[in-house]
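Notes to accompany the following structure.
The values are calculated or read from the model by the stated rules, or taken from the named source; none is laboratory data. In this text the structure is predicted, and so the values were computed from the model without any measurement. Glycine also receives a Cβ, built like all others from the backbone with ideal geometry; neighbour counts cover every protein chain displayed. The protein model used for the area step is the full one, side chains on, heavy atoms only, and it has no ligands, DNA or RNA in it. Shrake-Rupley method; radii C 1.70, N 1.55, O 1.52, S 1.80 Å.
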Amino acid sequence: MKLSQRLQYILEQIPGGSRLADIGSDHGLLPVAAVRSGRVSQAVAGEVNDGPLRAAQKQVAEAGLTDRIAVRKGDGLAVVKVNEVNVITIAGMGGALIASILEQGKDKLDSVKQLVLQPNVGEDILRRWLIKHQWVLINEHIMEEDGKIYEVLTAVPASESSLKQDELYRAWELPGSSLVLTEDLLMQLGPLLVKAPNEIFFSKWQLEIRKLQDVLAQVARSDQASAQHKQEQLRKQIEQLKEVLACLPKDRQ
């Protein structure tokens, strides 16, 4: 069984000896690989939909791991018992949905020492949730696979981190520019990603600029009174992002 690059990277973030819950486990590939690798002693594969649930059950059975991986049907962290796991992975959903799953299952997080999260969109929403609930990012990774760009966020409880939130999101001035990377901008760009930008990071934000330019062109055709204000906001956002990309070092991989 070969994992995708995305799932392989998520697997590598899981500390050895973990008890894992993989929420939205789809075909159960990640928990099977995690147990087989020796990183995980016991796992829960959670799925809300019948099709992926059956696929995960089959995957676990064929791997001979039914005694170590529990495949459960349920919504979010409802599939996990209190104090059952110490690592949670959630991948392939929007950031708002992942934040909602964590919010609704907060009572299950007391025993959790690490979150590995891969939002498809809305990364800033997820970063805001992590800050609000005292989880500190220890790693951010951006990668491309099959023409799609993914960000993987790894966080630990603030009590377990030597890095503090105010250090992570402290505003700083871009070298060669008067632009200050505010807390809001760091939430959007990723406070760790922006300090070590790779080629994929630049590709993502160049694409985002093009999307914003398309929206600006549409708004410019509107006769509504609010359109002018919206145009100004979009122009400011575009220029800000362009300046960020122009001033960040390009030789870091």
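Key figures for this structure:
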quantity: The stretch 100-188: GluC sites (Glu not before Pro) in DSSP loop, at most 11 other beta carbons within 10 Å; calculated: none
quantity: Number of Lys pairs (Cα under 24 Å; 8 or more positions apart or on different chains) in the stretch 94-175; calculated: 7
quantity: Cα gyration tensor, the stretch 116-180 - rounded (a/c under 1.5), prolate or oblate; calculated: oblate
quantity: Nearest-10 value in Å² for the accessible area of residue 223, using the 1.4 Å probe; calculated: 150
quantity: Compactness of the chain as Cα Rg over 2.2 N^0.38 Å, two decimals; calculated: 1.12
quantity: Percent accessible area from carbon and sulfur atoms, the chain, protein chains only, probe 1.4 Å; calculated: 47
quantity: Dimensions (Å) - the stretch 186-240, Cα atoms, principal axes, largest first; calculated: 42, 17, 13
quantity: Average accessible surface area per residue within the stretch 1-74, 1.4 Å rolling probe, Å²; calculated: 46
quantity: Burial order of peptide ranges 193-202, 207-216 (average beta-carbon count within 10 Å, highest first); calculated: 193-202, 207-216
quantity: Over the chain: helical MRE at 222 nm, DSSP H runs n ≥ 4 each giving -39500 (n - 2.57), nearest 500; calculated: -12500 deg cm²/dmol
quantity: Surrounding net charge for residue 15, when Lys and Arg each add one and Asp and Glu each subtract one, Cβ distance under 13 Å; calculated: +1
quantity: Environment charge of residue 40, counting only residues whose C-beta is closer than 11 Å and scoring Lys/Arg +1, Asp/Glu -1; calculated: +3
quantity: Loop-resident sites, the stretch 28-95, for trypsin sites (Lys or Arg not before Pro), counting at most 14 other Cβ within 10 Å (DSSP); calculated: 81
quantity: In nm, spacing of pseudo-spin labels at residue 250 and residue 41 (7 Å Cα→C-beta vector); calculated: 5.1
quantity: Three-way shape call for the stretch 37-84 based on the alpha-carbon gyration tensor, with the a/c threshold at 1.5; calculated: oblate
